[in-house]
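Since the structure comes first, as structure tokens, the remarks are kept for the end.
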Amino acid sequence: KQCSEYVDTEIPAMWEKIVDEILDPVEACKELELCSSNAGVADIVECKICKQAAKFVDKKIFEDPAVDAKVADALASMCKAIPNVPATGVQKCEVLVRNNTAEFMMELGHLIGTQLCKDTGMCMEAGNSALVQSAPAPPSPTMCDECKDIVKEMQDFVSDTNSTYSAQVEDFMDKRVCPQMPKEFQKDCVAYLHKTLPQVWDAVINQLLDPLSACDAMGLCDKSANDVYERVSLHGNDEDVVHCKMCKQATKLIAMQFFEDADVEAKVATELVKVCDKIPDATAAMKAKCVTQIQEDTPALMKEMGEALKLHFCVEAKICPV
């Protein structure tokens, strides 16, 4: 009884202090990469979707063995068309392509994941208050359309013959395939690949980076997202849709990065166990049991709170419709 009374009295102030510490607005938004001195809501959302799409492309497409195999097939098919190369040379070319494609795709995926949003001008350079290129257009009526527009732009950028990304493919074939061919065929190999590779790569990218498939896989074109838009549009405008989507994305990331983080759980447990020492008339054994219980249960408590935040906060805060 004394424990309950003490906890009821002291916990509200203690919990407020803990939340103020672990959910500092400036630090949280910096961590979520949503803070920038000169970015409007539309710019922030476009940048955030681009980063989400680039990460998806890197991890789920360019590091997928099934995708690697498709790309290897497409690139290896070129070996048969290199002029004047005998069957043994073709076979060697195909083996070289297949043996090196996975590593090449991983390198290219990493480049896309880290650089593409800056290169396309959808995100600001770190520490720069101006956009790399002109400000992006206002968001489309739905987040799905916005995502598809961004992935389409990524698709065009990656397949553009003048881009860093297309050059990576050319470099891969120039350095890892043609130099390993018999010397008398190396020149023909390079000349043919430089002539044919742009069309081959364009076809590969158009197949891999399908805007609807990518955005659907990221959860930005599913039925629930459209339902949210329809409900918001009945009572608000496009900016309301953006704020709702941003809220859902922020709460999801905060739940993951703060409420399911071992270091944060340890900090919370450290603060909560202070209650144990101050319970009136508690014996040393009782205090020790209190400490152990808090330390054991804090991760589950934090996870439950994170889940509640994801599921209910945006509606309860009246940012999203019921």
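Odds and ends about this structure:
- Within straight-line cross-link reach of K80, lysines at Cα separation under 28 Å, skipping those fewer than 8 residues along the same chain: K70, K92, K175, K183, K187, K195
- Phi angles of the range 188-196 translate, via the Karplus equation with coefficients 6.51, -1.76, 1.60 and θ = phi - 60°, into HN-Hα couplings of 4, 4, 4, 4, 5, 5, 4, 7, 9 Hz per residue; Gly and Pro are given as x.
- Legend: distances between Cα atoms for K55/K267; K51/K310; K152/K310; K48/K152; pairs beyond 23 Å are K55/K267; K152/K310.
- In order through the range 102-117: 3J(HN,Hα) via Karplus (6.51 cos²θ - 1.76 cosθ + 1.60), integer Hz, x for Gly, Pro: 4, 5, 4, 5, 5, 5, 5, x, 4, 4, 4, x, 9, 10, 4, 5
- Couplings 3J(HN,Hα) for the range 271-279, derived from phi with the Karplus relation 6.51 cos²θ - 1.76 cosθ + 1.60 (θ = phi - 60°), are 6, 5, 5, 4, 4, 4, 5, 9, 5 Hz, where x marks Gly and Pro.
Values in this text are rule-based calculations from the coordinates and carry no lab data. All values reported here derive from a predicted model rather than from experimental measurement.
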